[in-house]
Amino acid sequence: MLQVQALKLKVLYVSSSVGLGHVTRDYRLSRLLGWADVTWLTAGRAARYLEARAERLHELSRELRSLGDSIMNVIKDCRVTFSPIGLARLYLDLRRNSRAIAERLDLEDFDMVIGDEPWELMMSGLSLPQKSVLITDITSLGSSANYVSRRVNSWVLKSFHRFTLRFNVGLWGDGEGFLRYGQIPTHESYPEPEEGDYVVINIGGTDAGLRLARQLEEHLTKVGMDVVTLGGENFVSDPTKVVAKAKALVALAGYGSLVEASIMRKRAVILKIDKHFEHNENARLFEGRKGYRVLSCSEATPERVYNALLQVLREDPQPPLLRDASYDIASEIERLASQDSLT
């Protein structure tokens, strides 16, 4: 705690609205910042997650377009596409949000800004306060094999480095200029895992795997498995109780889903969105491990997923070892917050 300050510092926490992996870890981290009076800026299902916890949202949150919805312009049938129209629509949503932030957000109202991959804030051109913190699980947007991708990744890295403190909490990679202590779990604590009698299909916080999930649910039900589907339109503010009692998971390779599978030692068939660089790297951590099988969405026919489930159900899961870095990161942020001035 900051003993020298009678009043809490005003902190703006900007959480990416792509999926729920960002906001769940951000909420977890915020619970360790007892010295902070937090206002949230996000949109879509991420905003709903925070509203369910009675958190205070900045008024702009209701005007921003959810990037979880916008990203669907470039993900079709569980595959990343690079169609010019889809990319243009995604970019226009980003620009619309960034203009709203530039015109309506006054960062001088806050003592500190924390951003978890805050793309629109970075695009807004606003000057960050000296006390600024970045949370990310990536340090680029994939390969820099061509001119366009090199320019984009150069902008991403430059924008990330505008923050005073930078934490890489990803499952893989390091990145020069980022503090790397480990991961931020999606919840403060998890229910005690049990060996239940149903399979959970978890497609995460977007609709990217919705069509595939429906096909899998239909097939697995036909072959006699009890199935619970989470994510997408089946929004549940806290799915951990359901996941804890599952005998196995079928999960997209998003950050939050894989962190939960690891911590609760749940067998899983992991599905990676085709041509999704982050999913590819996340899933790679589970390849070759007992209790886990990795399939790309294009390979994930209902029959193959069913066979993979039968295989993992015969194995004792050996998930990758993750490290809860929440307290270390909270301590570093508090240290920055307590500084009178930065040079």
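Can you work out D for segment 108-191 in µm² s⁻¹ from Stokes-Einstein, where Rh is the Kirkwood radius over C-alpha pairs, the temperature is 10 °C and the viscosity is 1.306 mPa s? Value of D from the Cα-based Kirkwood radius: 113 µm²/s.
Annotation: the residues 247, 76, sorted from fewest to most other C-beta atoms within 10 Å of their own C-beta, follow the order 76, 247.
DSSP assigns beta bridges within the chain; of those with both partners inside it, close to 5 percent run antiparallel. Taking 0.36 nm per residue of separation and subtracting the Cα-Cα distance, full extension of the segment from residue 241 to residue 277 would add 10.0 nm. The ranking of 271, 126, 321 from fewest to most other beta carbons within 10 Å of each one's beta carbon is 321, 126, 271. Peptides 302-310, 196-204 ordered by packing proxy, namely the average of other Cβ atoms within 10 Å per residue, highest first: 196-204, 302-310.
A helix-only calculation puts the chain at -10500 deg cm²/dmol for mean residue ellipticity at 222 nm, using -39500 (n - 2.57) for each DSSP H run of at least four residues, averaged over all residues.
DSSP beta bridges fully contained in segment 198-312 are about 5 percent antiparallel.
The distance linking segment 142-174 with segment 14-40 is 21 Å (Cα centroid to Cα centroid, whole angstrom). All C-alpha to C-alpha distances of segment 282-336, sorted into 10 Å bins beginning at zero, yield P(r) values of 20, 34, 20, 16, 10, 1 percent in whole numbers. Classification of segment 153-269 by its C-alpha gyration tensor yields a prolate form. The axis ratio a/c (a ≥ b ≥ c) is 1.5 or more, and a/b outweighs b/c. Remark: segment 258-267, residue by residue, has Karplus-estimated 3J(HN,Hα) of 6, 4, 5, 4, 6, 5, 8, 6, 9, 4 Hz, where x stands for each Gly or Pro and the curve is 6.51 cos²θ - 1.76 cosθ + 1.60 at θ = phi - 60°. Only lysine pairs 8 or more places apart, or on different chains, with alpha-carbon atoms under 23 angstrom apart are counted in the chain, and they number 15.
Bear in mind these aren't lab numbers, they're just calculated from the coordinates by the rules spelled out. The model shown is predicted, which means the values in this text are computed figures rather than measured ones. Here Cβ is always computed from backbone atoms with ideal geometry, including for glycine, and neighbour counts include all displayed protein chains.
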